[in-house]
Amino acid sequence: MARFNCERAAAALVDAAYMGDKKAADKHGVTSRSIRNWRERLDGDPDFSAVFREKKLLSDQEWASELPSAIRSAIRFVRESAKESKLGDPKATAVIADALSILAEVAITREILDARLAGQNRPTSQEG
């Protein structure tokens with residue numbers, strides 16, 4: 001039986017969080033069952049859990065750092081597409097409206113990620 005490799009298992013679990021168990025298993029040359037076993041091991045192995053949390057945090061920060069550039073590119077694309085589309089074209093109007101909605105959702109998501117990565121929680125309003 002192969003010896004447990006904490007670093008490899010943690011990296012595979014981080015990838016599984018983003019791409020799913022099957023793709024992560026294929027990438028790391030293991031089975032989906034290994035991914036599930038390692039996920040179960042997180043609760044009972046504090047050292048493994050710490051390595052996983054560290055790798056996950058680094059991965060989240062890397063992803064978050066790419067977000068501003070991707071948002072700028074998307075905005076530029078939507079802007080240029082809007083310029084190129086024919087005014088009054090219902091299909092173009094629907095596509096631009098959908099793109100605008102998605103960009104608004106991305107902006108909100110970015111604010112939430114920024115707050116989480118900064119270790120903050122937004123206050124919730126409580127009524128009555």
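Can you give me the number of residues within the stretch 47-78 that are among the basic types (K, R), surrounded by 12 or more Cβ atoms within 10 Å (Cβ to Cβ) and free of Cβ contacts under 8 Å to residues at least 40 places away in the same chain?
Within the stretch 47-78, the first condition is being among the basic types (K, R), and the residues that meet it are 53, 55-56, 72, 76.
If we keep only those that are surrounded by 12 or more Cβ atoms within 10 Å (Cβ to Cβ) as well, we get 53, 55-56.
Checking which are free of Cβ contacts under 8 Å to residues at least 40 places away in the same chain leaves us with 53.
Final tally of qualifying residues: 1.
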Tell me which residues, restricted to the stretch 61-89, are closer than 17 Å to I112 by Cβ and either touching a helix residue (DSSP H, G or I) at 6+ places or on another chain (Cβ under 7 Å) or aliphatic (A, V, I, L, M) (or both). Q61, A64, L67, A70, I71
So for the stretch 14-34 (the condition being out of contact with any helix residue (DSSP H, G or I) (no Cβ under 7 Å at 6 or more places or on another chain), among the β-branched types (V, I, T) and under 30 Å from D114 (Cα atoms)), does at least one residue qualify? no
Residue ID - farthest from the chain's Cα centre (by Cα), chosen from residues in the stretch 4-40 that are surrounded by fewer than 14 Cβ atoms within 10 Å (Cβ to Cβ) and polar (S, T, N, Q): N5
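Values in this text are rule-based calculations from the coordinates and carry no lab data. Everything numeric in this text was worked out from a predicted model, so none of it was measured. For neighbour counting, all protein chains shown are included, and Cβ atoms are generated from backbone atoms with ideal geometry for every residue, glycine included.
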